[in-house]
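Below: the structure, in structure tokens.
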Amino acid sequence: MLWFKGKKPHVETGRELAGTGEGNDITRPYLGPLAEADDSVLRKRGGGRLDIYKEVLNDDEVKSAFTQRQDAVISREWKVEPGGDKPIDAEAAEAMSELLKSVGFDRVTKLMHYGVFYGYAVAELIYGIKNNIYWINDIKVRDRRRFRFTPTGELRLLTQNNMHEGIACEAPYFWHYATGADHDDEPYGLGLAHWLYWPCFFKRNDIKFWLIFLEKFGMPTAVGKYGTGATTEQKRDLLALTRAIQTDSGIIIPETMNLDLLQIARSGAGDYKSFYDSMNEAIRRVTVGQITSSGGASNSIGGDESLQAAVLASIAKSDSDVMCESWNRGPGTWFTQMNFPGAAVPQVSRIFDEPEDLKSLSERDKNIIESTGYRPTLAHVQDTYGGEWEEKKQPEELINAQSSKKVDFAEQQPNTFAPVLQSNRLNTEMQPVTDQWINQIKELVDNVQSLEELRDKLFELIPDMQLDEYAKVMADALTAANLAGRTELLEDSKND
């Protein structure tokens with residue numbers, strides 16, 4: 001830990017001491033105003049030209065694996081989130097979302113994704129005016145072979161008239177990013193092609209020798225034997241005969257010549273295919289984290305396809321994060337600063353979160369309801385399952401049928417017993433009073449967070465639950481019951 005003693009240290013803003021400009025980088029010899037890539041394969045095998053890496057991309061296994069990696073990125077939906085909470089932040093995010101739709105962000109992402117393969121990518125932004133704001137009409141991803149970088153990392157475009165220094169490609173008209181290098185001093189990055197070159201190289205040479213191997217087995221080598229004292233012309237004729245066997249269906253030779261077929265004696269299986277498969281596995285391992293050309297996992301790691309899918313998703317997310325971060329720091333920032341001064345830069349990203357299994361969630365909620373007696377609130381249901389919800393009601397036909405049955409039963413079974421009539425009337429008159437209490441308690445239950453809080457709130461609520469109406473109804477009911485009892489006694493005495 002560094003401790004400062006005495007006065008507070010002075011800091012110079014913007015100071016950079018270990019930059020690569022002005023000959024500060026001793027690891028790079030000065031070869032001119034343009035920097036050379038630090039890629040050893042590119043320098044030693046390709047003379048600094050990316051053409052050798054284009055040949056690597058022509059390999060069938062490389063193309064298949066890299067396309068799989070690209071699709072894993074493009075298949076994810078992109079989103080734009082406001083950079084802050086102010087209204088202007090939301091307005092900037094809405095404009096950014098419309099912009100990405102208009103330029104075809106998936107198309108741009110796929111082309112810029114080749115920067116992962118080569119090490120860097122370059123795009124040119126074509127501006128226009130739309131709805132009184134600066135608009136990006138098009139984004140054209142350029143061939144990276146046309147560009148170079150200066151020792152300080154500035155992008156330059158090589159032209160026929162300026163091959164030595166190139167033309168400056170300044171922001172906000174050019175967007176570029178580099179990836180794969182292990183430090184920031186390498187403007188060209190280090191792409192997957194650096195690691196894929198040798199497996200493809202050995203694979204191509206293996207195929208050449210494999211074809212020779214197959215040819216030897218398919219067509220044995222002809223051996224012509226000449227006697228002692230054979231002339232040069234006889235030797236030449238005999239050699240011509242051996243070569244003619246490869247193409248002609250029939251030949252003739254003099255009796256004095258001897259011609260045999262030399263068969264290749266070989267034991268064991270051919271190793272060319274094994275070597276070919278090994279190179280394909282190396283390509284898969286580098287590109288998509290898999291080690292079989294069929295796209296699955298080998299037995300050495302358990303053959304878990306879900307594990308391979310998770311590895312590929314992780315790689316795709318890493319690629320997406322690099323490109324989206326480059327967009328947010330480049331074109332996204334320029335667009336926001338030009339049109340929405342003071343707004344936070346909207347954040348563009350792709351969605352890699354897997355959706356929750358609603359079936360398992362519903363089963364979990366059902367088990368909680370049945371085991372604990374608690375039920376989820378409406379807010380919880382909407383947050384978890386989405387959409388709009390309302391309380392389930394019985395079908396109108398069922399309600400009407402049940403009501404009619406009750407009426408029919410009441411008409412068929414009239415009850416004139418005085419206590420029953422009085423009880424029914426008491427229930428009717430008490431209903432408004434009890435409903436008011438129930439609503440007060442229900443509102444309290446919906447707003448508390450625990451049983452202890454419910455207990456305390458109930459004690460506070462009891463004084464507010466009015467008993468005047470309840471007492472009045474009960475007094476009238478008791479009076480009616482008393483009078484009804486006296487009436488029955490008088491009727492019974494008369495009958496006696």
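Some notes on this structure:
- Placing one equal scatterer on every Cα of the stretch 83-213 and applying the Debye formula, the log10 ratio I(q)/I(0) at q = 0.11, 0.19, 0.22 Å⁻¹ is -0.58, -1.13, -1.25.
- With 25 Å as the limit on Cα-Cα distance, the pairs of LYS110/LYS317; LYS366/LYS457; LYS54/LYS101; LYS86/LYS130; LYS86/LYS110 that go past it are LYS366/LYS457; LYS54/LYS101; LYS86/LYS110.
- GLU170-ASP60 FRET efficiency (beta carbon distance; Förster radius 45 Å; 0.05 resolution): 0.65
- Estimated distance in nm for a label pair at ASN205 and ILE126, the labels positioned 7 Å out from Cα along Cα-to-Cβ: 4.6 nm
- In order through the stretch 233-240: 3J(HN,Hα) via Karplus (6.51 cos²θ - 1.76 cosθ + 1.60), integer Hz, x for Gly, Pro: 5, 5, 4, 5, 5, 5, 5, 5
- Distance (nanometres) between label positions extended 7 Å along Cα→Cβ at THR152 and ARG285: 4.3 nm
- Rg to Rh, two decimals, where the stretch 143-209 supplies the alpha carbon set and Rh follows Kirkwood: 1.13
- Protection proxy ranking of 111-122, 335-346 - average other beta-carbon atoms within 10 Å, highest first: 111-122, 335-346
- Difference of contour (0.36 nm per residue) and Cα-Cα distance, LYS273 to ASP353: 24.8 nm
- Two-site label geometry, GLU91 and ALA379: point separation in nm, points 7 Å out along Cα→Cβ: 3.2 nm
Any read-out appearing in this document is the output of simple, stated calculations on the displayed coordinates, not a laboratory observation. Owing to the predicted nature of the structure, the values given are computational and were not obtained by experimental measurement. Virtual Cβ from ideal backbone geometry, glycine too; neighbours counted across all protein chains shown.
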